Amino acid sequence: MAISYDKEQKLFHLQTPNTSYVMGVCEDTHLLHLYYGAKIKSYSVVMENFPIREHRSFECEDISIGAYSTGTLPLEYPVYGHGDYRSPAFHAEYCDGSHITALTYQGYEIKKGKTPLKGLPATYTESDDEAETLYITLMDQLTGLSLILSYTVFEDSDAIVKSVLVKNGGSSSIYLKTVMSSCIHLFDKDYDFVHLEGTWARERSIQKRPLMTGTMSIDSKRTTSSHHHSPFLALARPYATETCGDVYAMSFVYSGNHIETTEVDAFDTTRAMVGINPFGFGWNLNPGEEFQAPEVVLTYSATGFGAMSRTYHKLYRTRLCRGKFRDLERPVLINNWEATYFGFNEEKILRIAEKAKTVGVELMVLDDGWFGKRDSDNCSLGDWVVDKRKLPNGIEGLASKVTELGMQFGLWFEPEMVSEDSDLYRAHPDWCLHVKDRRRTPSRFQLILDMSRPEVRDYVVDAVSSVLSSAPISYVKWDMNRNASEVGSAGYPESQQSEISHRYILGVYEILERLTSAFPDILFEGCSGGGGRFDAGMLYYFPQYWTSDDSDALERLYIQHGTSMVMPACTMGAHVSAVPNHQVRRTTPLKARGDVASVGQLGYELDLNTLSEEEIQAVKAQIIKYKELRHTVHYGEMYRLKSPFDDRCCAWEYVTENQIVLMYCVAHARVGLGRTCVKLEGLDPDAKYRDKESGVVYDGDYLMHVGLYFTDKADLESQLLIFDRV
Ligand code: GLA
């Protein structure tokens, strides 16, 4: 059984294939976090072996339950008020103006399966046998507030999924200020704080810094998870590598303001929490109402970052992504954005499509600029009506011609936005996020539609649906090109303005749910100025995401490497674009651009008519090869063998039962240092594998222990090798 309760010792023991998570009920009152780590058979409550009874000077004592120092108890869900001075997981203001909460343990329930979270993206089961969920109820007797902590353990995954439901069972309103989704305690502080930072076109670079006494956090206050800090945190031993060392990881299934925070106290205990950022957050919970906090997916790996990532990849690929495209090989696309920007017409797009068809591209995507009068980025967002100057036959006309070529047709939208210069804004100036009497600060000449309001959501769903129903459209690129400012809503009273940031995200989720269920045959790809909102929440609606606006092959080594810490390859949109690259002006070989993009969801973002015949033949060959390897890359296990952050090269391996794909690329060649040995992982040592190109057959143990040697002669020299099991 995955979850058990020991009545004698009052212990909850959650077991995944390789990990254990243990909580105890202390004196029938406090729910304590006792252990998280490598799987143990059982946990023994030997008080001498555990520091909770230690008395600490200058800490408050809970005499009623035996004089524990309340400031050091490892509470599973800590609150503010009775002498725990660390940052709380929960903080509320009550009708008498007080801020004190005292949670006591009430009981538990263990159920098969996993219940969906109302209005929120979440991991799911397809049958109840796949998982078990533990629900623990805590209550504040004085106010009638109760919290239900839930923990799901999947049969075949080392993930533990946590979330919190808050219920107001009292007779007065409660103002929620902090509701974290997960809190854990580690009983030392010898960890690195590992996170993914970035900005536009440089997303998810891996950062590490040692934990220090006091608090350390990353967060977003942008009303989107952002390019800047992914909603992910790992606490890893300083010596942890891809293959060794403890790693505790937390990935938040949420797309709005988030915080990942640690606090090391004076006694070297580490508290780590993840949740909605309390900054600017407040929620009025009236009697009888509930508040559902989003979920956090935890995983512990005793063998470094590689196993951590593979746990996320598998769970997110199979039990977070949904819909018919989840398990399908997706089309190779061509996108006109960097080929034409706003300067296109039907003829130009058709010329790009025709050429793309000849090399094996399967989907033509028309990007920004097809609606309103959008000749630049300063107008028309919100007016989702085709621009007949550019497309005299409408979207229908163009889409039909593209489908007649034997290709699918896809379209770009940015539905959450409104340009100041648009008919929509002129008709409904109060439909954007704004605060009365304050200036409205544009970004890229645009404001954000107020998705907390039902009438705005209905407008967006209707506008997008009417375009989607009007033509043979198989794919949507859903973009979001700014972060929020002046987060306020004309649709809510003063007392609810602190709810708007979260309500905005709930509104986006509702729209995405409505549209993706109304159009199940359309493949939706997410985007936010590239990978700005590429988070686990979005994967619930978008099985793939445009990883970054930077498609330079070298930059992509870093970006895709960092992204792969959490996201599986099948979710990463990756395009071959023109040289010099439009973001960093670098010229890289077509082969490297193709090889790096082929280990994501391959696409092209240039006018293939500008390539030489030799290059066209190379692109054709790239696509043929991609179609041979994409199943393994997308649905296999990934091993990061060399990191561009640490090595002069990058090597990624993808393995299924029958095939290995190895992408090797030199990041920075150095004279005299150009021989790199790459040892493969995760193979059957007794199996034989044939290199498809050279025909050489290797034993599995040879590839893993002797390895393959690469001679690095020049920057961005790359190899994309396929080995079939023989
Ligand atoms: C964002 C996207 C790009 C492109 C432009 C269009 O920046 O990331 O791929 O769609 O918007 O304006």
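The values are calculated or read from the model by the stated rules, or taken from the named source; none is laboratory data. Note that the structure is predicted; figures quoted are calculated from it, not measured. Here the Cβ positions follow ideal geometry from the backbone for every residue, glycine too, while neighbour counts run over all protein chains shown. The protein model used for the area step is the full one, side chains on, heavy atoms only, and it has no ligands, DNA or RNA in it. Shrake-Rupley method; radii C 1.70, N 1.55, O 1.52, S 1.80 Å.
Converting phi to 3J(HN,Hα) with the Karplus coefficients 6.51, -1.76 and 1.60 and the offset θ = phi - 60°, segment 176-182 yields 7, 10, 9, 9, 6, 8, 8 Hz in sequence order, with x at every glycine or proline. Contact order for segment 642-725, expressed relative to its length and based on alpha carbon pairs under 8 Å spaced 6+ residues apart, stands at 37 percent. In the chain, helical runs assigned H by DSSP with n ≥ 4 each contribute -39500 (n - 2.57); averaged across all residues and rounded to the nearest 500, the mean residue ellipticity at 222 nm is -6000 deg cm²/dmol.
One quarter of the convex hull surface built on the alpha carbon atoms of the chain amounts to 32.4 nm², the projected area averaged over directions. Site pair Thr711 and Asp423 shows an inter-label distance of 6.5 nm when each label is modelled 7 Å from Cα along Cα→Cβ. Could you tell me the calculated FRET efficiency between Glu155 and Thr199, based on Cβ-Cβ distance and R0 = 45 angstrom, to the nearest 0.05? That gives a FRET efficiency of 0.70. Our summary gives segment 477-606 a relative contact order of 19 percent, counting only alpha carbon pairs under 8 angstrom and 6 or more residues apart. Subtracting the Cα-Cα distance of Arg237 and Ser495 from 0.36 nm times their residue separation leaves 88.4 nm of extension gain. With both labels modelled 7 Å from their Cα along Cα-to-Cβ, the Asp521 to Arg690 distance reads 4.0 nm. Our analysis of segment 139-185 gives Rg over Rh at 1.10, with the two radii drawn from alpha carbon positions and Rh computed by the Kirkwood formula.
For segment 608-651, the square roots of the Cα gyration tensor eigenvalues, ordered a ≥ b ≥ c, give a/c of at least 1.5 with a/b no greater than b/c, which places it in the oblate category. For segment 182-337, the spherically averaged projection of the C-alpha convex hull amounts to 12.9 nm². Per residue, the accessible area of the chain comes to 37 Å², computed with a 1.4 Å probe over protein heavy atoms only. Among the listed pairs Lys357/Lys477; Lys591/Lys627; Lys10/Lys41; Lys221/Lys642; Lys688/Lys713; Lys620/Lys692, those whose Cα-Cα separation exceeds 24 Å are Lys221/Lys642; Lys688/Lys713.
Starting from the Kirkwood Rh over alpha-carbon pairs, what translational D in µm² s⁻¹ does segment 333-450 have by Stokes-Einstein at 4 °C and 1.567 mPa s? The diffusion coefficient I find is 85 µm²/s.
Note on His668/Asp190: beta-carbon distance plugged into 1/(1 + (r/R0)^6) with R0 of 35 Å gives a FRET efficiency of 0.65. The H on the amide N of Cys60, modeled in the peptide plane, is under 5 Å from the matching H of Thr70, Gly71, each at least 5 residues off or on a different chain.
For the chain, averaging the sequence separation of C-alpha pairs within contact (under 8 Å, six or more residues apart) and dividing by the residue count gives a relative contact order of 10 percent. Over all directions, average the projected area of the Cα convex hull of segment 642-725 and note it in nm². Hull-based average projected area comes out at 5.2 nm². Between Arg209 and Ser470, the simple label model (points 7 Å from Cα in the Cβ direction) yields a spacing of 5.0 nm.
Taking a ≥ b ≥ c as the square roots of the eigenvalues of the Cα gyration tensor of segment 494-652, is the shape rounded (a/c under 1.5), prolate (a/b larger than b/c) or oblate? Prolate is the answer for segment 494-652, as a/c is 1.5 or above and a/b outweighs b/c. Size descriptors for segment 333-634: radius of gyration and Dmax over Cα atoms are 19.4, 65 Å.
Hey, quick one: spin label on Arg326, modelled 7 Å out along Cα-Cβ, who in segment 121-137 has an amide N within reach, i.e. under 18 Å? Label zone hits: 121-133.
Phi angles of segment 495-500 translate, via the Karplus equation with coefficients 6.51, -1.76, 1.60 and θ = phi - 60°, into HN-Hα couplings of 5, 10, 5, 6, 8, 5 Hz per residue; Gly and Pro are given as x. Taking θ as phi - 60° and the Karplus parameters 6.51, -1.76 and 1.60, the scalar couplings of segment 405-419 work out to 6, x, 10, 8, 10, x, 9, 8, 9, 10, x, 7, 10, 9, 7 Hz in sequence order, x denoting glycine and proline.
Distances between placed amide hydrogens fall under 5 Å for Phe281 paired with no residue 5 or more residues away or on another chain.
Is the C-alpha gyration tensor of segment 3-319 telling us rounded, prolate or oblate? Criteria: a/c under 1.5 is rounded; beyond that, a/b larger than b/c is prolate, otherwise oblate. Rounded, since a/c falls under 1.5. A Förster distance of 25 Å, applied to the separation of the beta-carbon atoms of Ala618 and Arg648, puts the FRET efficiency at 0.50. The portion of the accessible surface of segment 472-556 made up by carbon and sulfur, rounded to a whole percent, is 48 (1.4 Å probe; DNA, RNA and ligands excluded).
Rounded to the nearest 5, what is the percent of antiparallel bridges among the DSSP beta bridges in the chain? The antiparallel proportion sits near 85 percent. Taking amide hydrogens as placed 1.01 Å from N in the peptide plane, the amide H of Ser489 sits under 5 Å from those of His434, each at least 5 positions away in sequence or on another chain.
Mind checking segment 129-221 for GluC sites (Glu not before Pro) that DSSP puts in a loop (not H, G, I, E or B) and that have at most 16 other Cβ atoms within 10 Å? Passing both the DSSP loop test and the Cβ count: Glu155.
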